[in-house]
1. Give, rounded to the nearest 20 debye, the magnitude of the charge dipole that segment 1-119 has about its Cα centre when Lys and Arg contribute +1 at Cβ and Asp and Glu contribute -1 at Cβ.
2. Semi-axes of the equivalent ellipsoid for segment 1-119, please: Cα gyration tensor eigenvalues, times 5, square-rooted, ordered largest first, whole Å.
3. Mind checking which lysines have their Cα closer than 29 Å to the Cα of residue 17? Skip sequence neighbours fewer than 8 apart in that chain.
4. At a 10 angstrom cut-off on C-beta neighbours, averaged per residue, how do the peptides 70-79, 294-303, 9-18 rank from highest to lowest?
5. Counting Lys +1, Arg +1, Asp -1, Glu -1, what net charge surrounds residue 62 among other residues with beta carbon under 12 Å of its beta carbon?
6. Farthest toward the dipole's positive end in the chain, which of 74, 259, 99, given Cβ charges of +1 (Lys, Arg) and -1 (Asp, Glu) about the Cα centre?
7. What's the local net charge at residue 299, with K and R +1, D and E -1, over the other residues with C-beta under 12 Å away?
8. What's the Kirkwood radius of segment 48-105 in Å, using all Cα pairs?
Amino acid sequence: MAGFRILTVGQLCRYVKSLLEERRELGDVMIKGEVASLTYKQSSGHLYFSLRDDEGLVRCVMFSRYVQKLPDLPEEGSLVLVRGAASLYERDGSFQIVAYDVQPLGEGRGKQDLDHLKRKLLAEGLFASEHKRPLPRSPQAVGIITSREGAALQDIIKAFRLRGYAGRLILYPCTVQGKNGASSILRALGQLEQEALCQAAVIARGGGSNEDLSTFNDEALAYGAYNCPVPVVSAVGHEIDVSILDLVADARAATPTAVAELLSPNREALRQRILGLQNSLRARALEQVSRRRNRLLQKTQQLLAKSPRERVEKNRQKLGFLVRLLEDGEKQKIRETRGRTLQLLRQLELLNPAAVMRKGYAIPMAEGRVLTTVKGLSPGQELVTLLADGEIISVVQSWKGNEA
């Protein structure tokens with residue numbers, strides 16, 4: 001390698017940059033093209049975009065001092081005339097135009113074609129909400145159509161794992177950008193349909209420029225997603241711009257990691273919901289059992305009330321009550337009779353001569369009659385004197401009456 005000078009990468013970039021800036025014809029150029037990948041940095045005020053046509057693409061930067069002079073910022077997809085100088089960005093070694101002015105020329109062809117395709121698909125009903133299919137709540141298998149090397153795949157796997165997804169994730173690798181991106185995605189989608197293992201399909205890609213994401217504005221891909229036998233989720237990493245795939249798909253995930261939230265229920269949330277349903281079901285069952293038990297008891301009581309056995313039982317109870325009432329009445333009468341009898345016996349006892357005699361009195365009798373007067377007695381007459389414990393037989397010797 002004698003005679004060759006070895007350059008560093010930085011030296012080479014600086015050398016090429018100096019060559020570009022030394023050429024007068026490149027120091028002030030006018031370029032017509034369609035705006036793509038437009039980014040406005042509010043923190044610095046700089047504007048970054050690309051100019052493209054059917055034959056090529058060039059990156060542009062417009063610093064804040066020139067941006068401030070523009071009446072309006074250019075729009076994505078618009079056709080513009082840019083005046084600037086050719087240069088090289090040393091850090092990336094990329095060719096670029098440092099723009100001084102941007103003049104609008106109308107809509108670019110790319111935007112016109114995209115708008116035309118959107119109107120066509122809209123008229124054919126590919127965007128209609130009534131054609132959107134519901135996503136399966138807990139699919140056993142989900143097909144992931146994306147690049148094997150892309151970060152989107154790892155993000156999706158991680159998100160499903162964090163949510164405790166118990167099904168299968170089947171990768172259908174493809175290219176997700178460039179000229180062959182749409183056809184590669186269609187082949188992967190066709191393989192998914194042919195194998196018929198999945199209940200949902202996810203077409204995913206991480207973030208990128210509008211040129212990179214233009215793959216998802218392909219007409220054939222739109223029809224492929226629309227005709228897919230299982231629901232399709234568009235998980236392309238761009239939130240501001242909406243691709244045709246986003247409009248055709250049955251659901252859109254703002255980021256690839258949001259796919260898991262659509263197709264994999266949170267296990268803890270699902271467990272809590274199941275517990276809630278179990279408690280609700282148990283409460284309803286207990287309420288039904290209680291209501292039917294009360295109704296059965298009510299019907300049983302009504303049936304018993306009309307039952308002959310119940311009537312016999314009630315009559316038996318009534319008869320028993322009447323018998324007890326009669327017995328109580330008879331007992332009361334007996335008590336009353338006994339009380340009156342005892343009263344009469346006490347009264348009779350008071351009139352009983354024997355009771356009087358027990359107090360020291362005697363009853364004299366003559367010739368079988370009770371003597372109540374001494375008149376009529378004669379000497380030698382036999383007397384019988386009754387005492388409480390016997391009688392005395394005596395003979396009248398004399399008698400004496402009370403003088404009045």
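The values are calculated or read from the model by the stated rules, or taken from the named source; none is laboratory data. All values reported here derive from a predicted model rather than from experimental measurement. Quick reminder, even Gly has a Cβ in these numbers, built from the backbone with ideal geometry, and neighbours come from all protein chains shown. Accessible surface areas use protein heavy atoms only, side chains included; no ligands, DNA or RNA. Shrake-Rupley method; radii C 1.70, N 1.55, O 1.52, S 1.80 Å.
1. 380 debye
2. Semi-axes (√(5λ), whole Å): 31, 17, 13.
3. Of all the lysines, those that pass the test against residue 17 - Cα under 29 Å, at least 8 places apart if same chain - are 32, 41, 69.
4. Details: 70-79: 15.1, 294-303: 10.2, 9-18: 13.0.
Packing proxy ranking, top to bottom: 70-79, 9-18, 294-303.
5. Numbers: positive: 41, 59, 65, 69, 83; negative: 101.
Neighbour charge sum, excluding residue 62 itself: +4.
6. Result: 259.
7. Here the charged neighbours net out to +4.
8. Details: mean 1/r = 0.0833 Å⁻¹.
It is 12.0 Å.
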